[in-house]
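The values are calculated or read from the model by the stated rules, or taken from the named source; none is laboratory data. Nothing here was measured: the structure is a model prediction, and the numbers come from that model. Cβ placement follows ideal geometry from the backbone for every residue including glycine, while neighbour counts extend to all protein chains displayed.
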Amino acid sequence: MTSATSAQFDIAIVGAGVVGCATARSFARAGARVVLIERGADILSGASKANSAILHTGFDAPPGSLELELVRAGREEYLRIHRDLGLTFVPTGALVCAWSAAEAARLDAIAAQGRQNGIGDLALLDAAAARRRMPGLAATLEAAIEVPGEYVIDPWSAPLAYVTEALALGATVMRGCELLSGRFDGDWTLQTSRGAIRAGTVVNAAGLFGDAVATRLGLTPDFAIRPRKGQFVVLDKAAARHVPVIVLPVPSETTKGIVICPTAFGNVLVGPTAEEQDERERATVDAGTLSMLQAHGGRLVPGLRGIPITATYAGLRPGSDRKHYRVSATAERRAITLGGIRSTGLSAALGLAAHAVRLHAGFGGAPRPAPGAVPRVAVPNLTETQPRDWQRPDHGEIVCHCELVTRREIEAALDSPLPPGDFGGLRRRTRAGMGRCQGFYCMGRLANLTRGRLAEPLAESLAVGEEPSS
Amino acid sequence: MSHPDVLIVGGGPAGVAAALAARAAGAGRVTLLEREPRLGGATRHCSHSPFGMLERGRVYFGAAWGARLERDAREAGVEVLTGHSVTALGADGTVEVSHAGGVGGFAARRILLATGARELSRAQRLLPGDRPVGIVTTGALQASLAFHGLLPFRRPVILGSELVSHSAVVSCLAHGARPVAMLETGPARLARAPVTWLPALTGIPVRSGVRIVDIIGRSRVEAIRFEHRGRIETLACDGLLLTGRFTPEAALLWQSGQRINRGSGGPSVDQHGRCANPLYFAAGNLLRPIETGGWSFREGRAIGHALALDLQRPVPEGEAVAVGYDDPVRLVVPDLVRPGIAPAPGFDRFQLRFTRDCRGRLALEVDGRTLWQRSGRWRPERRVLVPMPAGIEHAGQIAFRFSEAPDSSEAPVFSED
């Protein structure tokens, strides 16, 4: 339930990353009229497009923190709703691996913190036991902690499902829509690059621009975003047999460290690095770091040596000047900030969304009735743990051979309630072009199928008279 | 489940030639699977006669060859199934396939893989920078043009200087795109005259020995930054064309855990083109990057013939002898020799490539005796062919040894193209 206002929207959410998408869903389910605005050409254009796709337990979160509470709540809700939304998870579990005596000496404390955080099923393993769990680990392993509840999910289909459900409940999504300024006079008037929007409450889920958006809203931000870049290497699906479990390092004071992680799509990723930078727009990869990540994977899991790279990418985590989440509510301005969600946003998103709804209830006002029936929304499965479209009859043809993406899947994405705004959005919705050839075989087909549909077209038509004869 | 005697995966020149040869040598039911709608493989959109293309102003005449291959295959009684994408190889000779109707299975007495090669992606080249739209390979460019009438950029920077890179220049110029520059990361251009005259004739600057330091572009490529002779230069452009640096399309082998020739990136094969798993054979550019369509066709024909003879014999058992080699030899194909099987009609020569331009003596040692040797200059872009000595199938130890000349004075070039 949420409060009524005479404005066009009850809730305006700024930023369609995973947190914004989850928040749109939760408010829409509570009966609010929601508008979700996003500067990029598609949802997930910022921090949420690049992460390690782990559904965390919170075993290593600061005890007693809001982050721990929301990671646990978000994870529980994901596990409750995933099937209804067509989502899945891969119950890989994780091994926190100590590669030196010094690291091994810290495992007891990590396990104690995990138990204090309510993760009762973690277990200290000696090297032999850990290698029974994952035989591919290098012989230099000293000891490990097994955390059975760390899972791997599809990090793009989950937020797509959240926002699709919000759309089905009447929410409005505006992409290519940058917040310029905001004024509060009992309701909010938001000036955007696509015109003015009136809303009762504003939720700042702007990720890497959280502090800037707060300033544009005339709220004095109590935090400053400190982008932290993470580069990743994705290894060919041939790597998957060597990495059945998430291989976590013993974390340092400043970073969770480089993970070797199976993906829900059947690859293995190695990353992220943790590189502080001021730049918020660009997340570039560099050859030296990518080589380092590849070598790191081969050192810890020797079977990965020589396995070809499928993709490389970099993302920015919206860390802040402090380690913890920067979540706040200003009742007199009817504003909620979900900021500084550094590296657990995917796990905590549904928890953050529910938290935002609770904070909003504290603002008072007449509640709106919750919608009677929530429409059934399910996104297509892209993971290798569930049947894919290429295994079903009448899929038309396979367009992307590396990821086995069918023409029917691409057409369905283009005709979906929230069609991809750009090629990245198409890749995240279908996996087309995400595979080992990176478009060598399918780019022409994709360019043809997406004619006139993407903000930045993949190709332009040849002039009349230049068409091929064959 | 369908049960052909021979199942061929890939309908390019090598696969079709193998199918024709297997039929001609008496193989019964031969089924050829191609995932694209037509046979021909890379030759459908790719050609290596750029001057002819420049004169014609067209790059599509390879498609006619694919149509001819398809007709030949059908007339020879080969069951041709296009739109069939192999999704898994079983160690027992079963193969899973997806097609428009869903998933199907094949179980064949022998399987020949001829899945070809592709150019290295941006990721595999570890290129730095942003990841915008407009970074494509020659294969993607030429397929876009030939099959869809689509041009992915107007002012690309071309990365690479192999034969295919110059073919890409022709494709661009013939369709109204104007390459901004050709950049080579190696010390010198990899193609030779007269092909290399093309950029000069058309006013495209060429730089060798460059290092790409940044790809810039939020949604589409806007500029490439590179280091050349200690200076950083920036080229405004709207695309980056990745050319050459081919790699075998061996994903199915990797995923099914079959033995990979780490030098070539393709499957390990013996003197008959037979893989470590004796139910599987391989031919064409899957074996190594990269030879012409004509070479692949002849290779496919030889391996297809060997495969047909193999159907009449029991599957060989016992360990194959691995062919050893020293750096700077990059690859040797075949890299296995199975005891007791004469090379004919399979490979009669070893194919070698070098990692770098060098001088020295290359020797083939069999059971400790040097049976072949040659001194000279060895270049990475040229294939080296070493005849298989008589009786190689009885050897217990086979290795290529290289001693680099301390003095790199001028020496004749013995490698062959």
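Things to note:
- Within the set B:Gly257, B:Gly239, the sole residue that is closer than 26 Å to B:Ala191 by Cβ and within 28 Å of the chain's Cα centre (by Cα) turns out to be B:Gly239.
- Flag for B:Gly360 being touching an Asp or Glu at 6+ places or on another chain (Cβ under 9 Å) and either outside any strand (DSSP E or B) or touching a residue at least 40 places away in the same chain (Cβ under 8 Å) (or both): yes
- Condition broken by A:Pro272, with the remaining ones in (1) surrounded by fewer than 24 Cβ atoms within 10 Å (Cβ to Cβ); (2) away from chain B (no Cβ under 14 Å) satisfied: (1)
- Tally, over region A:323-369, of residues that are farther than 18 Å from A:Gly230 by Cα and in a loop (DSSP other than H, G, I, E, B): 9
- In region A:275-306, the qualifying residues are those that are within 13 Å of another protein chain (Cβ to nearest Cβ) and touching a His at 6+ places or on another chain (Cβ under 9 Å), and the one that is farthest from A:Arg436 (Cα to Cα) is A:Gly303.
- Screening A:Arg376, A:Arg388, A:Arg368 for residues that are within 14 Å of another protein chain (Cβ to nearest Cβ) and not acidic (Asp, Glu) leaves exactly one candidate, A:Arg388.
- Any hit, region A:403-411, residues being over 23 Å from the mean Cα position of the chain (by Cα) and surrounded by 23 or more Cβ atoms within 10 Å (Cβ to Cβ): yes
- Filtering A:Tyr325, A:Tyr313 for residues that are within 14 Å of another protein chain (Cβ to nearest Cβ), of a type in the set (Phe, Trp, Tyr) and within 29 Å of A:Ile246 (Cα to Cα) leaves a single hit, A:Tyr313.
- Conditions (1) in a loop (DSSP other than H, G, I, E, B); (2) closer than 20 Å to B:Val30 by Cβ; number of the one not met by B:Glu291: (2)
- Residue selection: A:Arg39 satisfies the criterion of being at pLDDT 95 or above, more than 21 Å from A:Tyr325 (Cα to Cα) and out of contact with any strand residue (DSSP E or B) (no Cβ under 7 Å at 6 or more places or on another chain).
- Of everything listed in (1) in contact with a Gly (Cβ under 6 Å, 6 or more places away or on another chain); (2) hydrophobic (A, V, I, L, M, F, W, C); (3) buried (at least 19 other Cβ atoms within 10 Å of the Cβ), the single unmet condition for B:Ile224 is (1).
- Single unsatisfied condition, B:Gly176 versus (1) more than 23 Å from the chain's Cα centre (by Cα); (2) assigned to a helix (DSSP H, G or I): (2)
- Condition check for B:Gly139 on (1) under 20 Å from the mean Cα position of the chain (by Cα); (2) crowded, with 24+ Cβ neighbours inside 10 Å; (3) more than 7 Å from chain A (Cβ to nearest Cβ): one failure, at (3).
- In region A:295-317, the residues that are without any contact (Cβ under 8 Å) to a residue 60 or more places away in the chain reach residues that are of a type in the set (A, V, I, L, M) with C-beta atoms within less than 7 angstrom, at least six apart or across chains, in these pairs: A:His296/A:Ile258; A:His296/A:Val270; A:Gly298/A:Leu304.
- Scanning region B:121-141 for residues that are of a type in the set (A, V, I, L, M, F, W, C) and closer than 22 Å to B:Gly40 by Cα returns B:Val136, B:Ala140, B:Leu141.
- Residue match in region A:80-99 (condition: assigned to a helix (DSSP H, G or I) and within 15 Å of A:Ser347 (Cα to Cα)): yes
- Top-ranked residue in region B:203-216 [being closer than 18 Å to B:Leu126 by Cβ and crowded, with 17+ Cβ neighbours inside 10 Å; ranked as farthest from the other protein chains (Cβ to nearest Cβ)]: B:Val210
- B:Gly105 being surrounded by fewer than 24 Cβ atoms within 10 Å (Cβ to Cβ) and either within 13 Å of chain A (Cβ to nearest Cβ) or at pLDDT 95 or above (or both): yes
- Residue among B:Arg349, B:Arg298, B:Arg382 that is within 19 Å of the chain's Cα centre (by Cα) and either at positive phi or in contact (Cβ under 8 Å) with a residue 60 or more places away in the chain (or both): B:Arg298
- Considering the conditions (1) of a type outside the set (Asp, Glu); (2) over 21 Å from the mean Cα position of the chain (by Cα); (3) facing chain B (nearest Cβ under 7 Å); (4) crowded, with 17+ Cβ neighbours inside 10 Å, A:Phe423 is excluded by exactly one of them, (2).
- Test: B:Gly273 is touching a residue at least 40 places away in the same chain (Cβ under 8 Å), of a type in the set (Gly, Ala, Ser) and either within 14 Å of another protein chain (Cβ to nearest Cβ) or surrounded by fewer than 19 Cβ atoms within 10 Å (Cβ to Cβ) (or both): no
- Count of region B:246-255 residues, restricted to those that are facing another protein chain (nearest Cβ under 9 Å) and either touching a helix residue (DSSP H, G or I) at 6+ places or on another chain (Cβ under 9 Å) or without any contact (Cβ under 8 Å) to a residue 12 or more places away in the chain (or both), is 6.
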